[in-house]
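Undergrad: Quick one: the structure is below, questions incoming.
The values are calculated or read from the model by the stated rules, or taken from the named source; none is laboratory data. Values in this document were obtained by computation on a predicted structure and should not be read as measured data. Here the Cβ positions follow ideal geometry from the backbone for every residue, glycine too, while neighbour counts run over all protein chains shown. Quick note on the areas: whole protein, heavy atoms, side chains included, nothing else; ligands and nucleic acids left out. Shrake-Rupley method; radii C 1.70, N 1.55, O 1.52, S 1.80 Å.
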Amino acid sequence: MYQNSFSISHSLYLLSEVEVGKHLYWDIAGFQLHGQVFIVTWIVLAALLIFTAIGTSNLKQIPQGLQNFMEYAYEFLQDIAKNQIGEQEYRPWVPYISTVFLFIFTCNWAGALIPWKLIQLPEGELAAPTNDINVTVALALLTSFTYFYAGLSKKGLGYFNRYVSPTPILLPINILEDFTKPLSLSFRLFGNVLADELVVSVFALLVPILIPLPVMTLGLFASSVQALIFSTLSAAYIGEVMEDHH
Amino acid sequence: MNPIVSAASVVASGLAVGLAAIGPGIGQGTAAAQAVEGIARQPEAEGRIRGTLLLSLAFMESLTIYGLVVSLALLFANPFTS
């Protein structure tokens, strides 16, 4: 009912249109998929793969150019895992943490920096994939599975001691926490990305030129902080289940 | 569709963001004030304080964002407008 767009019917304002709740549906094997998310996700994946392929080909002892940047990024991501999980056992989790960070970061920036509005779709619009709640819920559930796996593989069945750890009275709260963690992770990312896009769109609707630029810059900053927060929290959850209480 | 339901949804979506902004606003103010105090006391720790401050500000901001998610759900995916 409310799914019409906030657009002023004037051709100049077409670029500042904002659509919420409209999707390009693909019917595959009885499932309805949000096509615009897939398209942008594939572009993001391709960009990441190409960057890594170029950065890691022709490796040198003294890094230069893109290889230098790659090593800087790798150390930054390694530090996230190391700070949260600890010096002893952070290494197996660096790939997961850095994948999550890079994917979310590239998605957010791709949604903000590439002028998607120039490409017309039959329905819906291309934007950051993270402004679809299905994507963020999937990422948050990945984090949940990862910390379950981390705890179970390190402690075996002793992992479930965590639920009754200070006293058995806290059992319901500890179980509830397993549900609130992915909920808050996914809502935080989804809401922030969507809020950035809405604010920019509303500003662009009011004043189409120059005024939205500072807000766009703020959005870029905020979305990179969100990527950092998502990966830091994932690392913190993994570190939490692996630490010893003895 | 019921006009009362739609009017109430619009009012509620406005209130959801507005009320959700109060608490995090106070919290962010307190955190920023403490960070400024910390930097004034120990200027050499500025980098670490700034990093921690930004991270915690983003955490507080996410509380407002939850309100925003609720209001967006009321506006664009309202379960009560059948």
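Undergrad: Taking a probe of 1.4 Å, how large is the accessible area per residue of chain B, in Å²?
TA: I get 60 Å² per residue for chain B.
Undergrad: Could you work out what % of the accessible surface of the protein assembly as shown is carbon and sulfur, using a 1.4 angstrom probe and leaving DNA, RNA and ligands out of the count?
TA: With neighbouring chains kept in place, the figure for the protein assembly as shown is 69 percent.
Undergrad: Across chain A, how many lysine pairs separated by 8 or more positions, or lying on different chains, have Cα atoms within less than 26 Å?
TA: Taking the Cα cut-off of 26 Å, the pair count is 7.
Undergrad: In nm, to one decimal, how far is the A:TYR149 label point from the A:GLN78 one, both placed 7 Å along Cα→Cβ?
TA: The modelled label-to-label distance comes out at 2.2 nm.
Undergrad: Project the alpha carbons of the stretch A:136-246 onto their principal axes and report the range along each, largest first, in whole Å.
TA: Ordered largest first, the stretch A:136-246 gives principal extents of 60, 23, 22 Å.
Undergrad: Any chance you could tell me what percent of the C-alpha pair distances in the stretch B:23-75 go past 15 Å?
TA: Summing the P(r) of the stretch B:23-75 above 15 Å gives 53 percent of all pairs.
Undergrad: Give me the one-decimal nm value for the distance between modelled label points at B:GLU46 and A:ASP27, 7 Å along each residue's Cα-to-Cβ direction.
TA: Simple spin-label model gives 6.2 nm for this pair.
Undergrad: For a label point 7 Å from the Cα of A:PHE179 along Cα→C-beta, name the residues of the stretch A:226-246 whose backbone N is under 11 Å from it.
TA: It comes to no residues whatsoever.
Undergrad: While we're looking at this one, here's another question. Under a point-charge model restricted to the Cβ atoms of Lys and Arg (+1) and Asp and Glu (-1), what is the dipole moment magnitude of chain A relative to its Cα centre, in debye to the nearest 20?
TA: Here the size comes out at about 220 debye.
Undergrad: Continuing with the same structure: With the dipole of chain A worked out from charges on the C-beta (+1 for Lys and Arg, -1 for Asp and Glu) around the Cα centre, which of A:GLN88, A:ALA110, A:THR136 lies farthest toward the positive end?
TA: A:GLN88
Undergrad: Quick check on the protein assembly as shown: helices-only [θ] at 222 nm, where DSSP H runs of length 4 and up contribute -39,500 (n - 2.57) each and the sum goes over total residues. Nearest 500, please. Write down the numbers at each step before the final one.
TA: Details: 8 runs with 223 residues, N = 328.
The helix-only estimate for the protein assembly as shown comes to -24500 deg cm²/dmol at 222 nm.
Undergrad: Using the alpha-carbon centroid of each, what span in Å lies between the stretch A:47-77 and the stretch B:1-66?
TA: Result: 36 Å between the Cα centres.
Undergrad: Could I ask something else about it? When only alpha-carbon atoms are used, what values of Rg and Dmax, in angstrom, describe chain A?
TA: Calculated on Cα positions, Rg and Dmax stand at 20.9, 67 Å.
Undergrad: What is the mean number of Cβ atoms from other protein chains located within 10 Å of the Cβ atom of each residue in peptide B:59-67, rounded to a whole number? Please report the intermediate quantities before stating the final value.
TA: On the way: counts 4, 0, 8, 9, 2, 3, 10, 5, 1.
Averaged over the peptide's residues, the number is 5.
Undergrad: Another one. Tell me which trypsin sites (Lys or Arg not before Pro) from the stretch A:84-161 have a DSSP coil assignment and no more than 15 other beta carbons within 10 Å of their own. Mind showing how you got there, number by number?
TA: Working: sites: A:LYS117, A:LYS154, A:LYS155; in loops: none.
The qualifying sites: there are none.
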